[in-house]
Amino acid sequence: MTRKSKTLGSLIRDLRRQKSWTLRQMSEKVGIPLSTLAKVEQDKLSLTYDKLQQFTARLGLTMAEFLAQADPPAADAPKVVTARRSLTRDGNSIQVSTPNYDYEYLCSDLREKRMVPILTRVRAHDIKEFGAPVRHGGEEFVFVLEGTIEVHLEFYTSVVLKAGQGVYIDSTMGHAYVAKDCESALVLGVCSGEDHDLAGELISLAEKAEKVA
């Protein structure tokens, strides 16, 4: 039996559902009006080549990778093993200091990481002096290694965490960590997100805070 070819609309719809996005969220990601995307998904409208290039580039895909979705892999296709590895040795990190935190971005030699590990020295003590809460794409897990921190979140009452305790949060929510009843605290954070250059985004945010100081 001949398999029916996928349309551009079905490819976009499948990709959106894989990412669990609403049409509005995808529209914001790719910079194409919501009404246009809705019509494309329903195969009532198509995209020009330039717009399709914009669409794939904003999602960190090549045109070939996007169109390859039309051909599902064979059931017996071998799993791809990337064999990526990076060690946390001296010289393999990027350090950025801000008024509130001293960041050390680990495994800096590895590009396009799906997770970004960060050692952070929390030096801020007062949420009132902290300034605007931090926001960025993705999610993060923070585990306290030394000292005690108070976690301030946009939609939750603050909570105190001691060494050996951690928290997993939605990073798009405003958040701030301050040292509690100690000179400073050390935490290990792991951030994840859809952005192929998440590490670059996080470092850029930290450097902006550094310049403000």
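When a/c reaches 1.5 or more, the comparison of a/b and b/c decides; with that in mind, is segment 8-70 rounded, prolate or oblate per its Cα gyration tensor?
Verdict is rounded for segment 8-70.
Where does helix 8-18 land angle-wise versus the long Cα axis of the chain, in degrees 0 to 90, nearest 10?
30 degrees
Starting from segment 124-162, pick out the trypsin sites (Lys or Arg not before Pro) whose DSSP state is loop and whose Cβ has at most 13 other Cβ atoms within 10 Å.
Answer in residue order: ARG135.
How big is the gap, in Å, between the Cα center of segment 160-213 and the Cα center of segment 82-138?
7 Å
In segment 48-156, which GluC sites (Glu not before Pro) are in a loop and have at most 14 other Cβ atoms within 10 Å, using DSSP for the loop call?
GLU112, GLU154
Relative contact order for segment 8-70 using alpha-carbon pairs under 8 Å, separation at least 6, rounded to a whole percent?
38 percent
Cα gyration tensor of the chain, axes a ≥ b ≥ c as square roots of the eigenvalues: rounded (a/c below 1.5), prolate (a/b > b/c) or oblate?
Verdict is prolate for the chain.
With a cap of 12 neighbouring Cβ atoms within 10 Å, and only residues DSSP puts in a loop, list the chymotrypsin sites (Phe, Trp or Tyr not before Pro) found in segment 150-196.
Here the sparse-neighbourhood loop sites are PHE155.
On a 0 to 90° scale, report how tilted helix 49-58 is relative to the longest principal axis of the chain, with both axes built from alpha carbons and the result rounded to the nearest 10.
The two axes meet at around 30 degrees.
Below 10 angstrom from the Cβ of VAL40, what's the summed charge of the other residues (Lys, Arg +1; Asp, Glu -1)?
+2
Every number here is computed from the coordinates shown, using simple stated rules; none is lab data. As the structure is a prediction and not an experimental result, all values here were calculated from the model. As a convention, Cβ positions derive from the backbone with ideal geometry for all residues, glycine included, and neighbour counts pool all protein chains shown.
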